[in-house]
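As structure tokens, the structure follows; a few thoughts come after it.
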Amino acid sequence: STVVLVFQAPVSLSPENGESSSDFKFSVQRGDRVRVGEALGRCQD
Amino acid sequence: TSLLKKLQKTTQVRASLNGGSGSSKGNGDWFLLPGATVATLLMLGALHARRMYEDMKVVEAHEKGTEFEFQPDVKSTFLRLLPLRSISRCWGVLTSVEIPVSLRSHVYGAWARAFHSNLEEAALPLDEYASLRDFFVRTLKEGSRPIDPNPQCLVSPVDGTVLRFGEIKGAGAMIEQVKGFSYSVFSLLGATSFLPTLAKGDMHDESSEAENASGEKSRKSWWSISFASPKVWNPYSARPTKGLFYCVIYLKPGDYHRIHAPADWNILVRRHFSGRLYPVNERATRTIRNLYVENERVVLEGLWHEGFMALAAVGATNIGSIELSMEPELRTNQAKKKLLHSERPEERLYEPDGVGRTLKKGDEVAAFNMG
């Protein structure tokens, strides 16, 4: 079985070129074992 | 060959010990059964060795950073011909059979050794799980899964292995299943999803076109009003400062199979797609096209403090049914009553006033069940 999570999170828009950069940082890597309650990522303040 | 010769010699020795005429016919019959058993065992052993070798190659490739590309094969074509839903339900019936109390700890212990489960975490003593199915969806002891208290963090909803994650960008809104093949997020969540996107009309791929019937239009507008009215979230005003992200987590047979809320979450809609039940292991992801889009799944959609959040629980052959804590009457992996399978999912709106079902981070949402 598999779970797919899709969610909105903040991104910043550069005032110079209008490019976006993610304010949400994943704290896991591909292939990592995770358990319920462990952080997948964080929104930066 | 040497094994067969040894068996033949043993047969001859036994025949000479028995002595007398007429024993030769009996000896021939005696030889047939062990011969077939040995051949079966050898075949199973060879298949297991091949599987282990392939798994080892996958692990080595991951360590080296090389990635397997999408490559359909004969096995994946053959899987399409099998009645996997019926097989799944049969498996469910088999695993629901009550196991004698004296055998329970041995059976569950063997399962735990085979699939690397931690039995010490089980909430109940092993003797109290009447069947393998009950054992499989076991709850855990209090405190076994501490929830990260940081309000800015999103936690894992399940125990498992992270397969993919990233940001969904571009007009296609595609999620990569494996290198060389992607699927549309709308195909996964449903064409009526309230996924905030740049131009929703441009994002539908061919597979979701069928769902985009003219009759949907009126319902969509009603949904839009329903979602917008609580003034919690307006996807279009939020668009410039919000991105869309995804994370795919695979649960192995030995993992804890309950799903928890990844954040404080208001669930507004539930969608049930009655699809196929292909296996979802690593090999299947790179050989079966649209694996997650074709498999039976339950999608929960709602809001968290940063906006939209959806969770798709995708079933597999061995774990075909999904049970929701907030809607225990929902039945999945049922025998189809119609000959023609409808692609349209069954939807339920929780609380039409838009309030939904409120869950705290870490609250139990659903469970995967055998069969």
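The values are calculated or read from the model by the stated rules, or taken from the named source; none is laboratory data. From a predicted model like this one, the values you see are computed outputs, not experimental measurements. A quick note on method: Cβ atoms are made from the backbone with ideal geometry, for glycine too, and the neighbour counts reach across all protein chains shown.
Pick from B:140, B:189: which is within 14 Å of another protein chain (Cβ to nearest Cβ) and under 24 Å from residue B:270 (Cα atoms)?
Working: B:140 fails: under 24 Å from residue B:270 (Cα atoms).
The unique qualifying residue is B:189.
Based on what the data block shows, is residue B:68 in contact (Cβ under 8 Å) with a residue 24 or more places away in the chain and more than 23 Å from residue B:132 (Cα to Cα)? Quick ask: steps written out before the conclusion?
Values: in contact (Cβ under 8 Å) with a residue 24 or more places away in the chain: yes; more than 23 Å from residue B:132 (Cα to Cα): yes.
So residue B:68 passes the test.
List the strands (runs of 3 or more DSSP E) inside region B:249-320, counting only whole elements, that have at least 1 residues being of a type outside the set (Lys, Arg) and within 20 Å of residue B:85 (Cα to Cα).
Values: elements: B:258-260, B:265-273, B:297-304, B:307-314.
Those strands (runs of 3 or more DSSP E) span B:265-273, B:297-304, B:307-314.
Scan (1) more than 10 Å from chain A (Cβ to nearest Cβ); (2) under 24 Å from the mean Cα position of the chain (by Cα); (3) modelled with pLDDT of 75 or more for the single condition residue B:172 breaks and write down its number.
(2)
Restrict the check to region B:66-82 and report whether at least one residue is exposed (fewer than 11 other Cβ atoms within 10 Å of the Cβ), assigned to a helix (DSSP H, G or I) and of a type outside the set (Val, Ile, Thr).
Scanning region B:66-82, I find at least one residue that is exposed (fewer than 11 other Cβ atoms within 10 Å of the Cβ), assigned to a helix (DSSP H, G or I) and of a type outside the set (Val, Ile, Thr), so the answer is yes.
For region B:98-112, state whether one or more residues are within 30 Å of residue A:29 (Cβ to Cβ), out of contact with any strand residue (DSSP E or B) (no Cβ under 6 Å at 6 or more places or on another chain) and in a helix (DSSP H, G or I). Break it down stepwise before answering.
We begin by selecting, within region B:98-112, every residue within 30 Å of residue A:29 (Cβ to Cβ); these are B:111-112.
From the residues that got through so far, the ones that are out of contact with any strand residue (DSSP E or B) (no Cβ under 6 Å at 6 or more places or on another chain) too are B:111-112.
Still in the list and also in a helix (DSSP H, G or I): B:111-112.
Taking every residue of region B:98-112 in turn, at least one turns out to be within 30 Å of residue A:29 (Cβ to Cβ), out of contact with any strand residue (DSSP E or B) (no Cβ under 6 Å at 6 or more places or on another chain) and in a helix (DSSP H, G or I).
Scan region B:143-159 for residues that are more than 7 Å from chain A (Cβ to nearest Cβ) and either surrounded by 12 or more Cβ atoms within 10 Å (Cβ to Cβ) or of a type in the set (D, E, K, R) (or both) and jot them down.
Residues of region B:143-159 more than 7 Å from chain A (Cβ to nearest Cβ): B:143-144, B:149, B:151.
Within region B:143-159, B:144 is the sole residue that qualifies.
Could we say that residue B:268 is within 11 Å of another protein chain (Cβ to nearest Cβ), buried (at least 22 other Cβ atoms within 10 Å of the Cβ) and modelled with pLDDT of 90 or more here? Give the derivation first.
Numbers: within 11 Å of another protein chain (Cβ to nearest Cβ): no; buried (at least 22 other Cβ atoms within 10 Å of the Cβ): yes; modelled with pLDDT of 90 or more: yes.
In short, no.
For region B:117-134, which residues satisfy the criterion of being more than 17 Å from residue A:36 (Cα to Cα) and outside any helix (DSSP H, G or I)? I'd like the intermediate steps shown before the answer.
Step one: list which residues in region B:117-134 are more than 17 Å from residue A:36 (Cα to Cα), which gives B:124-134.
Of everything in region B:117-134, those that are more than 17 Å from residue A:36 (Cα to Cα) and outside any helix (DSSP H, G or I) turn out to be B:124, B:125, B:129, B:130, B:131.
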